[in-house]
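Presented below is the structure to which this report refers.
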Amino acid sequence: MLRGLYGAAAGMIAQQQRQEMLTNNLANANTPGYKADQASLRAFPNMLIKAMDTQGPKGAQAPIIGELTTGVYLQERMPNFRQGDINETGNSTDIALLQGVLPEGESGRPGALFYTIQSNDEILYSRNGNFTIDGAGFLTTTEGQYVLGTNGEPLQVGDENFTLDPNGTITSSDGAVIGQINLAYAEDPMLLVKEGDGLLRYTEEGELPTAIGNAEINYQLQQGFIERSNVDASQTMTEMMSAYRSFEANQRILQAYDQSLDKAVNEVGRLG
């Protein structure tokens, strides 16, 4: 009986964690470049149940009763790197990244492109093209991290009157070429983990290779546009209702076990 109680409790914990993930997705539905998380639920290994103290031929093994499922758990949260919709803002510092057909890596998953961001001497990556210009004229994220160019240095654009071509080359208002925005290519984007503020960190050694100059990679940058979050609000609401119902069902099972235990302890075997 207690094993069933543990299984119901495990289901409640898994659905609670899934609900928290979906709530975070919905809260970031309007965050530029945000990639929705997906949950992977997995069952604990089944237990093989055998009978004990049974009468049988000498040397015979105890009869097998069957398998017992011991519940589920949330194995991992994986970002969905699908391209988000493009929205026109008219702001010259907003830059949308449209990735085209990318080569497929050894993992079988499609690759992904990212802006290269310098944060406290650490190289991070992002799809959030909602940039701004700091007091020194550098192109930065809204949190103040530098956007890097193909030379690995921050891009000093001066003011908002710069222009950007589809390849990412930045030209000042007087026609001088300032530099080119670097785009990093992740063959397996699942090797990136979220760091907060729309930033991603590469978990392997070294840095992601640049996509600039790679003939197999197609992309386009659009100034005055922004890539929206790829969260599907209506689908997320449906999944939240499903998670809530599953949590509720496990809760009822838990209450039923609790009532059975109450009767077993306080009523069964009572004298007088």
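The values are calculated or read from the model by the stated rules, or taken from the named source; none is laboratory data. Since we're looking at a predicted model, the values are computed, not measured. Glycine also receives a Cβ, built like all others from the backbone with ideal geometry; neighbour counts cover every protein chain displayed. Protein only, heavy atoms only, side chains kept; ligands, DNA and RNA dropped before computing areas. Shrake-Rupley method; radii C 1.70, N 1.55, O 1.52, S 1.80 Å.
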Query - Flag for PRO166 being more than 17 Å from GLN118 (Cβ to Cβ) and under 32 Å from the mean Cα position of the chain (by Cα) - result: yes
**Report entry** Count - residues of the stretch 169-190 that are touching a residue at least 60 places away in the same chain (Cβ under 8 Å) and either in contact with a Leu (Cβ under 7 Å, 6 or more places away or on another chain) or of a type outside the set (Asp, Glu) (or both)
**Finding:** 8
**Report entry** Where a residue in the stretch 147-159 is farther than 13 Å from SER92 by Cβ and in contact (Cβ under 8 Å) with a residue 40 or more places away in the chain and its partner, wherever it lies, is among the aliphatic types (A, V, I, L, M) and buried (at least 20 other Cβ atoms within 10 Å of the Cβ), with Cβ under 8 Å and at least six apart
**Finding:** THR150/ILE181
Report task. Hey, can you tell me all the residues within the stretch 20-55 that are free of Cβ contacts under 8 Å to residues at least 60 places away in the same chain, among the small types (Gly, Ala, Ser) and closer than 17 Å to GLN75 by Cα? Result -> ALA39, SER40, ALA43
Report task. Name the single residue, out of those in the stretch 229-272 being among the small types (Gly, Ala, Ser), more than 20 Å from ALA29 (Cα to Cα) and assigned to a helix (DSSP H, G or I), that is modelled with the lowest pLDDT. Result -> ALA264
Query - Matching residues in the stretch 195-218 - criterion: being in a strand (DSSP E or B) and either within 15 Å of LEU113 (Cα to Cα) or open to solvent by less than 20 Å² (accessible area, probe 1.4 Å) (or both) - result: LEU199, LEU200, ARG201, TYR202, THR210
Query - Residue list for the stretch 1-51, restricted to those being of a type in the set (D, E, K, R) and either within 20 Å of ILE253 (Cα to Cα) or modelled with pLDDT of 85 or more (or both) - result: ARG3, ARG18, GLU20, LYS35, ASP37, ARG42
Query raised in the report: On the given criteria, is ARG3 assigned to a helix (DSSP H, G or I), open to solvent by 80 Å² or more (accessible area, probe 1.4 Å), touching a strand residue (DSSP E or B) at 6+ places or on another chain (Cβ under 7 Å) and among the charged types (D, E, K, R)?
Result: yes
Requested in this report: Look at THR132 and say whether it is part of a strand (DSSP E or B) and among the hydroxyl-bearing types (Ser, Thr, Tyr).
Outcome: yes
Query raised in the report: Is the stretch 30-38 home to any residue that is more than 17 Å from LEU68 (Cβ to Cβ), in a helix (DSSP H, G or I) and out of contact with any helix residue (DSSP H, G or I) (no Cβ under 9 Å at 6 or more places or on another chain)?
Result: no
Query raised in the report: Is it the case that the stretch 119-128 has a residue that's within 16 Å of PHE225 (Cβ to Cβ), touching a Pro at 6+ places or on another chain (Cβ under 7 Å) and part of a loop (DSSP other than H, G, I, E, B)?
Result: yes
Query - Residue within the stretch 219-228 that is closer than 25 Å to SER119 by Cβ, in a loop (DSSP other than H, G, I, E, B) and open to solvent by 20 Å² or more (accessible area, probe 1.4 Å) present - result: yes
Requested in this report: Would you check if there is a residue in the stretch 181-189 being in a strand (DSSP E or B) and polar (S, T, N, Q)?
Outcome: no
Query raised in the report: How many residues are among the aliphatic types (A, V, I, L, M) and surrounded by fewer than 18 Cβ atoms within 10 Å (Cβ to Cβ) if we restrict to the stretch 164-177?
Result: 2
